[in-house]
1. If you keep only loop residues by DSSP, which GluC sites (Glu not before Pro) in region 1-99 have at most 10 other Cβ atoms within 10 Å of their Cβ?
2. Taking the Cα atoms of region 8-93, what is the range of coordinates along each of the three principal axes, in descending order and whole Å?
3. Of all the accessible heavy-atom surface of region 1-71, with the other protein chains kept in place and a 1.4 Å probe, what percent is carbon and sulfur?
4. Which of rounded, prolate, oblate describes region 54-102, given a ≥ b ≥ c as roots of the alpha-carbon gyration tensor eigenvalues and a/c under 1.5 marking rounded, otherwise prolate only if a/b is larger than b/c?
Amino acid sequence: MEFITSNMAPIMFAGLIVFLLMGFPVAFSLGACGLFFGFIGIELGMLPEALLQALPLRIYGIMQNDTLLAIPFFTLMGLILERSGMAEDLLETIGQLFGPVRGGWHSPWCLSARCSQPPPAWSRLRSFPWA
């Protein structure tokens, strides 16, 4: 047992690799590995029981965070746009619209005109010894 308690991190990493090599998705592998080694840590006396007792409250608190709710919604939106083909159509349309424009809207001149600042090229010109 002394070997396990002193080498918990490498054993946990090896356990994660085993989960991944068995074909489980990364999210489920991370969760299962964390819970499995959390239970082992409690049984060996390395962790207090209050850690796993607070887990449902922490998960519920994270789910109530409005800022973090944007992550799954953006992921869902991206999947819907990709599966429906709208993302490819949108990129193709933007490419046709701004294809002839050299640099597009992201050129330094357009950015400087919109932000009312001198373009980055001007600051580089002043650094030359002959300018």
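1. Taking region 1-99 and a limit of 10 other Cβ atoms within 10 Å, the loop GluC sites (Glu not before Pro) found are 49.
2. 60, 33, 15
3. Solvent-exposed carbon and sulfur of region 1-71 make up 75 percent of the total.
4. Since a/c reaches 1.5 and a/b is larger than b/c, the shape of region 54-102 is classed as prolate.
The values are calculated or read from the model by the stated rules, or taken from the named source; none is laboratory data. Bear in mind the structure is a predicted one, so any value in this text is a computation, not a measurement. Positions of Cβ are backbone-derived with ideal geometry, glycine not excepted, and every protein chain shown enters the neighbour counts. Only protein heavy atoms, including side chains, enter the accessible area calculation; ligands, DNA and RNA are left aside. Shrake-Rupley method; radii C 1.70, N 1.55, O 1.52, S 1.80 Å.
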